[in-house]
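Just so it is clear, none of the values below were taken in a lab; they were calculated from the coordinates. The model shown is predicted, which means the values in this text are computed figures rather than measured ones. Because the Cβ atoms are built from the backbone with ideal geometry, glycine has one as well, and the counts that use them run over all protein chains shown.
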Number of protein chains: 2
Amino acid sequence: MKKDDKQRAVVLLSGGLDSATVLAMARARGVDCYALSFRYGQRHSHELAAAKVVAETMGVKRHLILDLDFRAMGGSALTADIDVPKDRDTARMEDEIPITYVPARNIVFLSIALGWAETLHARQIHIGVNAMDYSGYPDCRPDFIDAFQAMANQGTKAGVEGHPFTIHTPLMQMTKARIIAEGIRLGVDYAMTHSCYDPAVDGLACGCCDSCLIRKKGFAEAGVPDPTKYMK
Amino acid sequence: MKKDDKQRAVVLLSGGLDSATVLAMARARGVDCYALSFRYGQRHSHELAAAKVVAETMGVKRHLILDLDFRAMGGSALTADIDVPKDRDTARMEDEIPITYVPARNIVFLSIALGWAETLHARQIHIGVNAMDYSGYPDCRPDFIDAFQAMANQGTKAGVEGHPFTIHTPLMQMTKARIIAEGIRLGVDYAMTHSCYDPAVDGLACGCCDSCLIRKKGFAEAGVPDPTKYMK
């Protein structure tokens with residue numbers, strides 16, 4: 001292992017607000033970042049377009065966009081022909097696993113990030129999961145992250161040879177408002193980022209899917225102007 | 001969960017000898033099998049061609065071949081421009097992690113199998129890993145499989161809702177000779193399967209890569225004629 005390997009990370013970058021903040025936090029600590037995004041059959045391409053702009057703007061070493069056809073497996077409103085729910089009460093989102101849940105999505109994303117990290121001799125993987133606003137997603141909880149890290153260090157050459165991987169989840173216990181405040185402090189331009197699950201053809205955010213509602217609420221609570229253009 | 005869900009499985013199918021045997025063992029127990037293969041930038045397509053024949057012959061419910069470009073990440077003799085080692089001593093293969101190791105490959109394959117299984121309401125994933133002949137691969141050991149299963153049940157909706165997944169590794173403690181004997185007993189035609197890491201353009205097995213050497217030795221020890229055509 002080279003001397004500086006500990007400061008090299010694969011950062012999962014969706015093009016959304018959370019992962020842009022994670023990238024800014026890693027860059028602020030001087031970490032060399034390798035951004036990883038997926039073309040996984042999302043309903044729209046605005047998220048990936050945003051990821052490209054974020055990666056370029058924030059000075060990543062490399063941005064890899066990997067094709068992965070989750071649609072072939074079906075099963076989620078984010079990839080399949082199922083309606084995205086609108087105008088739900090944000091307070092009630094925590095009670096259930098939403099139909100926007102993509103089976104094992106974060107598991108697959110983290111696994112591929114792990115493979116790339118091992119090839120790059122990076123020992124860190126950063127992911128913007130959050131147990132506060134998305135507690136309904138099983139793959140956004142600390143217990144899952146711990147289990148993934150343990151598995152990663154059993155199932156890789158680097159792990160079993162004593163160069164363990166760590167999964168960094170700096171947003172895990174942060175409210176959306178705090179995430180936004182931290183990003184603003186680090187100079188993130190959130191106008192670059194895209195959160196909406198169901199945007200118009202031109203990329204305009206719908207303003208009423210779960211993701212838009214959480215985003216709006218976050219900016220309001222942070223007391224920061226929301227740069228997003230919403231349809232409503 | 002439907003009544004028969006417990007007898008539905010995703011089976012990772014490479015086109016090789018091991019996974020064909022795993023599929024035969026599951027079918028013999030009356031399990032409905034959904035075969036999953038990957039076009040992951042292998043050096044050749046003979047493995048996938050073999051997987052298709054095996055899936056058709058053995059009556060799977062569906063055979064899904066997913067594209068996944070591991071080459072974009074580099075790092076292994078199986079996908080990148082690194083020479084496959086030849087004529088090694090099979091007794092010494094166990095001592096080290098070979099350069100044919102693809103970083104996190106089984107982790108990624110199992111993760112995608114898990115996502116598909118969850119969508120299908122299948123609770124079993126079958127994989128032909130083996131700790132005897134491939135002890136050099138960290139992702140072929142029982143400790144890794146246990147860790148993966150624990151992670152899977154923390155990170156999926158089905159897992160946290162009390163419908164746990166089990167990872168079946170029926171070949172884990174079997175020698176290659178025993179695997180072959182079991183497959184022959186179940187009627188597997190091993191002429192369909194492909195093991196060689198570095199075949200000729202027409203698919204002819206090289207006869208001297210690690211995989212060919214282990215295969216030859218297995219047939220010899222099982223006392224069964226090897227239907228494979230080797231170059232040498």
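Some points to look at:
- Relative contact order (%) - segment B:98-232, alpha-carbon pairs under 8 angstrom, separation at least six: 20
- Projected over all directions and averaged, the alpha-carbon convex hull of segment A:5-222 occupies 11.2 nm².
- For the segment B:62-72, counting C-beta atoms of other chains within 10 Å of every residue's C-beta and taking the mean gives 3.
- Long-range HN-HN contacts of B:C206 with modeled amide H, under 5 Å: B:D198, B:A200, B:M231
- Exam field: A:Q7 pseudo-label spacings to other copies (7 Å along Cα-Cβ), nanometres: 6.0
- When both segment A:202-224 and segment A:153-176 are represented by their alpha-carbon centers, they are found 30 Å apart.
- Of all DSSP beta bridges in the protein assembly as shown, antiparallel share, percent nearest 5: 10
- Helices of chain A meeting both criteria, an alpha-carbon length of 15 angstrom or more along the long axis and an average Kyte-Doolittle score not below -1.0, with helices taken as full DSSP H segments, are A:17-28, A:46-57, A:105-120, A:142-155, A:210-222.
- Among beta bridges that DSSP assigns inside segment A:5-222, antiparallel share in %, nearest 5: 5
- Contour excess over end-to-end distance, with Cα ends at B:M172 and B:E221 and 0.36 nm allotted per residue: 15.8 nm
- Per-residue ellipticity at 222 nm, computed for chain B from helices alone with -39500 (n - 2.57) per DSSP H run of at least four residues, works out to -10500 deg cm²/dmol.
- Close amide H contacts of A:L66 (hydrogens built in the peptide plane, cut-off under 5 Å, sequence separation of 5 or more or a different chain): A:S37, A:F38, A:R39.
- Ascending list, in nanometres, of distances separating the B:G203 label from those of the other copies (7 Å, Cα toward Cβ): 4.7
- Segment A:D189-A:D69, extension gain: residue separation times 0.36 nm, minus the distance between their alpha carbons: 40.2 nm
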